[in-house]
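Reviewing the structure listed below.
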């Protein structure tokens, strides 16, 4: 590692910051009861919570992709009055306490909520169901995808899109054959980060969906409950969640960097871009 260009105090502070992040994980790993690790993480409640977390997180990520891609396109490729306010509202879940988000969802989709009362009259109850878990996770994870994809769209610019339009390609063709392939790394990275955020969601899920084993009790909720009754099980399950999170973040960082993609898009034109609209 070459640190010649940096003052020594900068490196020292960076090391302290890294230790601040790493040491708690090391301490947790040292606290694990390794002889009982496998039985602790393979109990019926633990397996049910893990499978539910993975299933709902994947569903929430799919919701984020379906809804977030159009949102990012509108924010990055259009201009309208109040756009800054809309962007602030889209990113609001990033700074809101998750419990506040859960309360907002409850008073919107609960049985006596703004929309939930109408759904309840039709025999559809959303709150305290698996659907509520997916909605809670999607609510807190959606800004990660929108933010990542909007940044990618602004980085690649509109050069190839303009070329496609001048060659006679329609808006849908330009979007499908030029825009989305150019920002695919940003889309994948945003989806992976959204999945990671959904997997670790706790506050909004507990408030809006409750903690029903096999139905709404995700792995973070199971860890919280086990902390009171069996601390060893809580530590073991926490380690599983940490390992999964590290793997997810590793996948996100293996995606081709956006700055390199932007240079490619803005530099020497490739033949493939014009051919894509034929």
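A short reminder: the numbers here are calculations on the coordinates, not readings from a lab. Everything numeric in this text was worked out from a predicted model, so none of it was measured. Cβ coordinates were reconstructed from backbone atoms using ideal geometry, including for glycine residues, and neighbour counts include every protein chain displayed.
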| task | Would you mind checking the tilt of helix 184-199 against the longest principal axis of the Cα atoms of the chain, expressed as 0 to 90 degrees and rounded to 10? | result | 20
| message | As I understand it, the value is the acute angle between the Cα axis of helix 8-31 and the longest principal axis of the Cα atoms of the chain; what does it come to in degrees, rounded to 10? | response | 40
| query | Want the number for residue 37 to residue 111: 0.36 nm per residue separation, take away the alpha-carbon distance, what's left? | reply | 22.5 nm
| said: Suppose the chain between residue 5 and residue 162 were pulled fully straight at 0.36 nm per residue; how much longer would it get relative to their current alpha carbon spacing? | reply: 52.4 nm
| request: Please work out how much length the chain gains when fully extended from residue 26 to residue 66, using 0.36 nm per residue of separation minus the C-alpha to C-alpha distance, in nm with one decimal. | output: 10.6 nm
| query | Which FRET efficiency, nearest 0.05, do residue 51 and residue 95 yield, Cβ-Cβ r, R0 30 Å? | reply | 0.45
| query | Roughly what angle does helix 219-229 make with the longest principal axis of the chain, taking Cα atoms, 0 to 90 degrees, to the nearest 10? | reply | 20
| note | re the chain: pairs of Cα atoms spaced beyond 34 Å account for a percent value of 35
| Any idea what the relative contact order of the chain is, in percent, if you count C-alpha pairs under 8 Å spaced at least 6 apart? | 28
